[in-house]
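The structure under discussion appears below in the form of structure tokens.
Every number here is computed from the coordinates shown, using simple stated rules; none is lab data. This one's a predicted model, so the numbers in the text were calculated from it and none came from an experiment. Quick reminder, even Gly has a Cβ in these numbers, built from the backbone with ideal geometry, and neighbours come from all protein chains shown.
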Ligand SMILES: Cc1ncc(COP(=O)(O)O)c(C=O)c1O
């Protein structure tokens, strides 16, 4: 991949921090945005802005067509069989809350169980905990092994007759682990459970094929895949979506409203109450064009190269003063690296790196159950993407080496 050319598409890299170019290593939190995406959103508001599905005038029809074309673009991105399977939401968090609440109302009874994992982001734990507390649903957590991979044998234990939903992240935002979703889907289905997939971390890095994954519902956020904040997707199998109730009521989602009764439209409209983020959806489709034009193979080999380079730098410069979490092989992991530096608090690590223009994340990464499982209060995380190069990794590890020396003395 020609990283210099990619970088030139991202205006944020014209900025400097601490007098140095920005080494942005926090793309797992949110990606930066190329000019094409910014321009796509601007152009929608400048040239096509009107509310959708409402007007009979030309501009509103154009806006509606742009919105529905974005839906079809997302359907292609996910290898979905029908654009009607794509529900636009604010992001993964809203998608998973919608999934949990709707399944909770339609499919789960007191005493039924949901199987999640200990490596999930809070947005794939808390909505199910809310269901547990409100509706008496049991919640089981599949554990991880020492390498940070799911203990698949736990599913044998948890997939009993009351297990109705299995939910899992495609890739972990802390460990980088890529989970064997298809295998988990097959096990879930054999036990009569549905599979909900959190694809927030995988969608930016690898092709998503909802059919091949065997998912029933799947969520991702636009802002991690070069798109704007405030737009994301809940994809669902058509027959499943048709059987699920809405959780938000209002304009656009109804068929008829009378004082004594209400009926709802077919999906996806049923799940999209109110004015949607049309400009966001349009810009997301531009972002997906950008990513797919780069090519998944190119992205994967670039990220693998950076990961191997990071790994080598870590052992050469820091040795046992750094502890890196997650699988140690490139095969079933993504390029992010969560780590601790001996004697240094992750927040101090991130602050000191920031003073050199290197942006990494520190904290619990919205994964407190995982932090507890790993026995750490917090971790630092470097998450490179398509616009990062070896020079960014050099700056990270030169900084970490200085920090490790400082805290050792
Ligand atoms: C694995 C995972 N799931 C869910 C989310 C939540 O995404 P959002 O904040 O865009 O809703 C994140 C964000 O960091 C994530 O990494």
**Fill in**
Classified through the alpha carbon gyration tensor (a ≥ b ≥ c as square roots of its eigenvalues; rounded if a/c is under 1.5, else prolate when a/b is larger than b/c, else oblate), the chain comes out oblate
**Complete:** Here the FRET efficiency for residue 190 versus residue 110, based on Cβ atoms and R0 = 30 Å and rounded to 0.05, is 0.80
**Prompt:** Cα gyration tensor of the range 50-292, axes a ≥ b ≥ c as square roots of the eigenvalues: rounded (a/c below 1.5), prolate (a/b > b/c) or oblate?
**Reply:** oblate
**Prompt:** What length, rounded to one decimal in nm, is gained on full extension from residue 36 through to residue 406, with 0.36 nm per residue of separation minus their alpha-carbon distance?
**Reply:** 128.9 nm
**Residues residue 248 and residue 79, FRET efficiency given R0 of 22 Å [Cβ-Cβ distance, rounded to 0.05]** = 0.20
**Prompt:** When the helix-only estimate is applied to the chain (DSSP H runs of n ≥ 4, each -39,500 (n - 2.57), divided by the residue count), what is the mean residue ellipticity at 222 nm, nearest 500 deg cm²/dmol?
**Reply:** -11500 deg cm²/dmol
**Request:** Please determine, in degrees from 0 to 90 and to the nearest 10, the orientation of helix 390-408 with respect to the longest principal axis defined by the Cα atoms of the chain, where the helix direction is its Cα long axis.
**Result:** 60 degrees
**Request:** Could you check the simple spin-label distance between residue 156 and residue 329, using points 7 Å along Cα→Cβ, in nm with one decimal?
**Result:** 2.1 nm
**Request:** Could you please rank 272, 62, 297, placing first whichever residue has the fewest other Cβ atoms within 10 Å of its Cβ?
**Result:** 297, 62, 272
**Prompt:** Going by a ≥ b ≥ c, the root eigenvalues of the Cα gyration tensor, does the range 134-234 fall in the rounded group (a/c under 1.5), the prolate group (a/b larger than b/c) or the oblate group?
**Reply:** prolate
**Request:** Would you mind checking the tilt of helix 278-294 against the longest principal axis of the Cα atoms of the chain, expressed as 0 to 90 degrees and rounded to 10?
**Result:** 50 degrees
**Complete:** Residues 189, 365 in order from fewest to most other beta-carbon atoms within 10 Å are 189, 365
**Complete:** Inter-part gap, Cα centre of the range 314-387 to Cα centre of the range 87-150, in whole angstrom, is 26 Å
**Request:** Go ahead and set up a Gaussian network model of the chain, Cα springs under 10 Å, then flag whichever of 85, 390, 41 fluctuates most.
**Result:** 390
**Asked** Where is the GNM fluctuation largest for the chain (alpha-carbon springs, 10 angstrom cutoff): 288, 22, 217?
**Response** 22
**Fill in**
Taking Cα atoms only, helix 92-106 is inclined relative to the longest principal axis of the chain by an angle, in degrees rounded to 10, of 40 degrees
**Prompt:** By average Cβ neighbour count within 10 Å, what is the ranking of 335-346, 102-113 from highest down?
**Reply:** 335-346, 102-113
